[in-house]
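Participant: This is the structure I have questions about; it appears just below.
Read the figures in this text as sums done on the coordinates, not as results from a lab. Keep in mind the model is a prediction, meaning the values are calculated, not measured. Backbone-built Cβ (ideal geometry, glycine too); neighbour counts: all protein chains shown.
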Amino acid sequence: MLDKPLFLLLAEYNQWMNSKIYDVCSELPEDELRLDRGAFFGSIYLTLNHITYGDLAFMSRFTENPPQVPELGAELFSTFSELKSARSSLDIRLVDWVSTLEDSWLDQVQTYKSKVDGKVRSVSRRFLIMHMFNHQTHHRGQVTTLLSQLNLDVGSTDIPFMPQFTTE
């Protein structure tokens, strides 16, 4: 079931994976992060920017904080260091927010206007939260591929490899 314990696990997974990816990306100079590598968003940097943008857009819909987000494709920060810091803060915020969710709120439908196509949609909040986490994973996979092409390894990306599941 799409419920709070699952969403909390996914928020923690998101935080864990982002920490790993941003640590590896920190080994690269800014120009390497911004180099167009033929990915959907071009560079590693712009792909990470898009993931953060998506999370901010969802949080804006869910919490009205931020009250608005820029247009799709906007570069949110001027440096990787700023993006990394904002990402870390956003990941903490996501975990904290998910821990406050209640079934009565989750059971409601969220109506919003998409920045992608301008259409208004009404979708179960449970499905939208699941989509937010799926969106993160999808684009992080693109980043790990780009890093792998540079012979940089983020390690395991599997949920069972999260520290909380290690018994030894």
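Participant: Might you report the magnitude of the Cβ-based charge dipole of the chain about its Cα centre, with Lys and Arg at +1 and Asp and Glu at -1, to the nearest 20 debye?
Facilitator: On the way: 15 positive and 22 negative charges, 124 e Å.
Charge dipole of the chain: 600 debye, to the nearest 20.
Participant: Let me ask something additional. Can you pull the Kirkwood radius for segment 1-121, inverse mean 1/r over Cα pairs, to one decimal in Å? Working shown, then result.
Facilitator: On the way: mean 1/r = 0.0636 Å⁻¹.
This gives a value of 15.7 Å.
Participant: Let me ask another. Run down the aspartates and glutamates and flag those whose C-alpha is under 13 Å from the C-alpha of K113, throwing out any fewer than 8 positions away in its chain.
Facilitator: E71
Participant: Helix 44-63 against the longest principal axis of the chain: what's the angle in degrees, Cα atoms only, rounded to the nearest 10?
Facilitator: That helix lies at roughly 10 degrees to the long axis.
Participant: Also, I was wondering about something else. Which aspartates and glutamates have a Cα less than 16 Å from the Cα of K4, not counting those fewer than 8 places away in the same chain?
Facilitator: Excluding near neighbours in sequence, the set is E12, D96, E102, D103, D107.
Participant: Only sites in a loop by DSSP and with at most 16 other Cβ atoms within 10 Å count here; which chymotrypsin sites (Phe, Trp or Tyr not before Pro) in segment 74-168 make the cut? Let's see the in-between values first.
Facilitator: Working: sites: F77, F80, W97, W105, Y112, F127, F133, F161, F165; in loops: F77.
Answer by residue number: F77.
Participant: Sorted from largest down, give the three principal axis spans of the alpha carbons of segment 85-168, whole angstrom values.
Facilitator: Largest first, segment 85-168 extends 42, 35, 24 Å along its Cα principal axes.
Participant: Same structure again: As a test of the definition: which semi-axes, in Å, follow for segment 122-168 when you take the square root of five times each eigenvalue of its alpha carbon gyration tensor? Largest first, please.
Facilitator: Details: eigenvalues 133, 72, 3 Å².
They are 26, 19, 4 Å, listed largest first.
Participant: Which loop-located chymotrypsin sites (Phe, Trp or Tyr not before Pro) does segment 1-41 contain, where loop means any DSSP state but H, G, I, E or B and the Cβ has at most 16 other Cβ atoms within 10 Å?
Facilitator: Details: sites: F7, Y13, W16, Y22, F40, F41; in loops: F40, F41.
Here the sparse-neighbourhood loop sites are F40.
Participant: Once the other residues with Cβ under 13 Å from the Cβ of R126 are scored (Lys, Arg +1; Asp, Glu -1), what is the net sum?
Facilitator: Numbers: positive: K4, R125; negative: D3, E102, D103, D107.
Neighbour charge sum, excluding R126 itself: -2.
Participant: How big is segment 47-98 by Rg and Dmax over its Cα atoms, in Å?
Facilitator: That works out to 10.6, 29 Å for Rg and Dmax.
Participant: Could you tell me how many degrees, from 0 to 90 and to the nearest 10, lie between the Cα long axis of helix 125-149 and the main elongation axis, the longest principal axis, of the Cα atoms of the chain?
Facilitator: Relative to the chain, helix 125-149 is tipped by roughly 10 degrees.
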